[in-house]
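**Student:** Starting off with a structure, shown below.
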Amino acid sequence: QVQLVESGGGLVQAGGSLRLSCAASGRIFSINAMGWYRQPPGKQRELVATITSVGRTNYADSVKGRFTVSRDNAKNTVYLQMNSLKPEDTAVYYCYANNPYRAYWGQGTQVTVSS
């Protein structure tokens, strides 16, 4: 099992920045990709950004150039630096990790961007 604990959400004005963190524990040796998904109000969960164990990244088109995903393998932690936030970025953000067998999810952290 892998446990994921997020931190760093909150309320910010449009144009502002937030940094999310997610610490993994448990069977962390098996983790390949880590990253972030989000679920806006009334919508389905969607990809934000992922990063593999060797640093290969993938971003949703809507966040390219504004968000940066990074990973500290020594700390088993993944980060999401969010700049130039927009009201449409408002969502519950979920940390994600996978291994060859399954995906794991954090409990979610709310990000609210006011206009």
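**Student:** For the stretch 6-53, name all the residues that are of a type in the set (Val, Ile, Thr) and either open to solvent by 50 Å² or more (accessible area, probe 1.4 Å) or in a loop (DSSP other than H, G, I, E, B) (or both).
**Tutor:** Residues satisfying the conditions are Ile28, Ile31, Thr52.
**Student:** Now, a different point. Quick check, is Arg45 touching a residue at least 12 places away in the same chain (Cβ under 8 Å) and either under 12 Å from Trp105 (Cα atoms) or not aliphatic (A, V, I, L, M) (or both)?
**Tutor:** Against the criterion (touching a residue at least 12 places away in the same chain (Cβ under 8 Å) and either under 12 Å from Trp105 (Cα atoms) or not aliphatic (A, V, I, L, M) (or both)), Arg45 qualifies.
**Student:** Scan the stretch 84-115 for residues that are open to solvent by less than 60 Å² (accessible area, probe 1.4 Å), under 14 Å from the mean Cα position of the chain (by Cα), among the polar types (S, T, N, Q) and at pLDDT 95 or above and report the count.
**Tutor:** 2
**Student:** How many residues are in contact (Cβ under 8 Å) with a residue 40 or more places away in the chain and in a strand (DSSP E or B) when one looks only at the stretch 54-89?
**Tutor:** So the count comes out to 6.
The values are calculated or read from the model by the stated rules, or taken from the named source; none is laboratory data. Because the structure is a prediction, the values reported are computed rather than measured. Glycine gets a Cβ as well: all are built from the backbone with ideal geometry, and neighbour counts include every protein chain shown. Note: accessible area is taken over every heavy atom of the protein model, side chains too, but ligands, DNA and RNA are not part of it. Shrake-Rupley method; radii C 1.70, N 1.55, O 1.52, S 1.80 Å.
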